[in-house]
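K.L.:
Pasting in a structure now, in structure tokens, and then I'll have a few things to ask.
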Amino acid sequence: ILGCAVNVLGRHQLGATWSNQIAIYNEHKLITGGLFALVRHPLYASTIWMFLGASLAFLNWAALASTLIIFVPAMQYRAAQEERLLMGAFPEYETYRKRTGAFFPKLFSSKPTAI
């Protein structure tokens, strides 16, 4: 249920920049607020979460294994392709990438804080 809600909200937050294709459009904006402040790829993440949730809800171990062995790496590959394109188009993407998790929120900062 959480995965479905995140997917719908993520598509809404992307607005006109959402596409099935990995592309940069004229007037493309980098979205880093809303769900995108928590994870860089909420649509991919939400799909992973839905697959994992359904596998566990139905106790389908083959589906769980397939999700972890095939689907998650496929999403990681697609996200990496998208990130290469975004880094080329938006210089600030690298900073955003360092502070925000890909599919799950970062719980701890990678930079130590001064006391």
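The values are calculated or read from the model by the stated rules, or taken from the named source; none is laboratory data. If you're wondering where the values come from, they're calculated on a predicted model, not measured in any experiment. Cβ: placed from backbone, ideal geometry, glycine included. Neighbour counts: every protein chain shown. Remember, those area values only see protein heavy atoms, side chains included, never the ligands or the DNA or RNA. Shrake-Rupley method; radii C 1.70, N 1.55, O 1.52, S 1.80 Å.
K.L.:
Please verify whether Leu35 is under 25 Å from Leu107 (Cβ atoms), in a helix (DSSP H, G or I) and either without any contact (Cβ under 8 Å) to a residue 12 or more places away in the chain or open to solvent by 70 Å² or more (accessible area, probe 1.4 Å) (or both), treating the condition exactly as stated.
P.N.:
Judged against the criteria, Leu35 is not a match.
K.L.:
Now for a separate question. For the range 95-105, which residues satisfy the criterion of being among the hydroxyl-bearing types (Ser, Thr, Tyr) and open to solvent by less than 60 Å² (accessible area, probe 1.4 Å)?
P.N.:
Selection gives Tyr96, Thr100.
K.L.:
Right, something else. Is it the case that Phe71 is open to solvent by less than 60 Å² (accessible area, probe 1.4 Å) and modelled with pLDDT of 95 or more? Break it down into steps so the answer makes sense when it comes.
P.N.:
Numbers: open to solvent by less than 60 Å² (accessible area, probe 1.4 Å): yes; modelled with pLDDT of 95 or more: yes.
In short, yes.
K.L.:
Going through Glu83, Glu27, Glu92 one at a time, which residue ends up being surrounded by fewer than 14 Cβ atoms within 10 Å (Cβ to Cβ) and in contact (Cβ under 8 Å) with a residue 40 or more places away in the chain? So that I can check it myself, show each step before the final result.
P.N.:
Working: Glu83 fails: surrounded by fewer than 14 Cβ atoms within 10 Å (Cβ to Cβ); Glu27 fails: in contact (Cβ under 8 Å) with a residue 40 or more places away in the chain.
Step by step, each of Glu83, Glu27, Glu92 is checked, and only Glu92 is surrounded by fewer than 14 Cβ atoms within 10 Å (Cβ to Cβ) and in contact (Cβ under 8 Å) with a residue 40 or more places away in the chain.
K.L.:
Within the range 44-66, does at least one residue satisfy the condition of being under 24 Å from Met87 (Cα atoms), within 17 Å of the chain's Cα centre (by Cα) and not in a helix (DSSP H, G or I)?
P.N.:
So far as the range 44-66 goes, no, none of its residues is under 24 Å from Met87 (Cα atoms), within 17 Å of the chain's Cα centre (by Cα) and not in a helix (DSSP H, G or I).
K.L.:
Can you tell me which residue among Gly53, Gly33, Gly101 is within 28 Å of Ile1 (Cα to Cα) and touching a strand residue (DSSP E or B) at 6+ places or on another chain (Cβ under 6 Å)?
P.N.:
After ruling out the rest, the residue left standing is Gly101.
K.L.:
Which of the residues that make up the range 38-80 are under 17 Å from Arg99 (Cα atoms) and in contact (Cβ under 8 Å) with a residue 40 or more places away in the chain? Lay out the reasoning, then the answer.
P.N.:
Within the range 38-80, the first condition is being under 17 Å from Arg99 (Cα atoms), and the residues that meet it are 38-42, 45, 79-80.
Once the filter is applied, which keeps residues that are under 17 Å from Arg99 (Cα atoms) and in contact (Cβ under 8 Å) with a residue 40 or more places away in the chain, the range 38-80 yields Leu38, Val39, Arg40, His41, Ala45.
K.L.:
Looking at (1) modelled with pLDDT of 95 or more; (2) under 14 Å from the mean Cα position of the chain (by Cα), which is the one condition that is false for Leu30?
P.N.:
Result: Leu30 fails condition (1) only.
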